[in-house]
Amino acid sequence: MIITCAQLDDLPMLLSFRDEAAAWLGELGTDQWRRPYPADRLRAAVEAGQTFVVRDGGVTAATVTLATVPPEGLWTSEEEADPALYISKLTVARTHAGQNLGGRLLNWGGHRAYRSRAAWVRLDAWTTNRALHRYYLRQGFEHVRTVLEGSAVSGGPRVSGWLAQRAARPAEHGFADRTPPASSSGGTRGPEDHLCRGTLLPSGGAVTRRGVIRAARCSRSS
């Protein structure tokens, strides 16, 4: 399997992934992702070069979004001072369930964060999905806190406020990585920087909300 940057042609499939996952989650008794996710936000994440897909031959097996800017209202300014990458919208096609693709994508994200000189890989999970919380804890994430205040990107009150993080570290993920390589040289980010163009966190500092491109930030966890 290979991991590569998502393209705009992938949008219909990525939206159907989410619908499929929402139906499956409903069967498990959770309301996660019941509301449709705004297509324009997903398009923004793809255009920002922050959304990646796993291809298994000619089939797309999974997707994840990896952003340099945190969702608003979740992490403190002190926490944001530590360079981090933020995992969201992690979804595995039901045809490829049971193959640990989710765990491998978390490892890939953590490995990319490490190569980007980030200290953490972070996520926000659906607040009431305790099975998902246990899953992330088994994957080595530590629960930071749960944020209830705020609103969801799809409308209504915040529904994805369970925050967790794991130290960025080298990890085996088993994918043939076709994404732009992460350099350890550091540098300065500009407003047109894209992860899928190989851009990185500044050396010794965090990326702020100023001077970066706007993109969607929600989660398999949101």
Fill in: Inter-probe distance in nm under a simple model that places probes 7 Å from Cα toward Cβ, at Ile2 and Arg94
2.9 nm
Discussion item. How large is the accessible surface of Leu11 in square angstrom, using a 1.4 angstrom probe and rounding to the nearest 10?
Written reply: 20 Å²
Worksheet item: Once both labels are modelled 7 Å past Cα along the beta-carbon direction, what's the Arg178-Asp82 spacing in nm?
Response: 3.5 nm
Fill in: Rounded, prolate or oblate (a/c below 1.5 giving rounded, otherwise prolate when a/b exceeds b/c) for the range 43-135 by Cα gyration tensor
prolate
Fill in: Cα-projected label distance for Arg145 with Ala131, points at 7 Å along beta-carbon direction, nm
3.0 nm
Worksheet item: Residues in the range 68-95 near a label at Glu20, defined as backbone nitrogen under 16 Å from the 7 Å Cα→Cβ point?
Response: 90-95
Worksheet item: So how compact is the range 79-124: Cα radius of gyration and Dmax in angstrom?
Response: 12.2, 40
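The values are calculated or read from the model by the stated rules, or taken from the named source; none is laboratory data. Not measured: the values here are computed from a predicted model. Please note: Cβ atoms are built from the backbone with ideal geometry, for glycine as well, and neighbour counts cover all protein chains shown. For the accessible areas, the whole protein counts, side chains as well, though only heavy atoms, and no ligand, DNA or RNA atoms are used. Shrake-Rupley method; radii C 1.70, N 1.55, O 1.52, S 1.80 Å.
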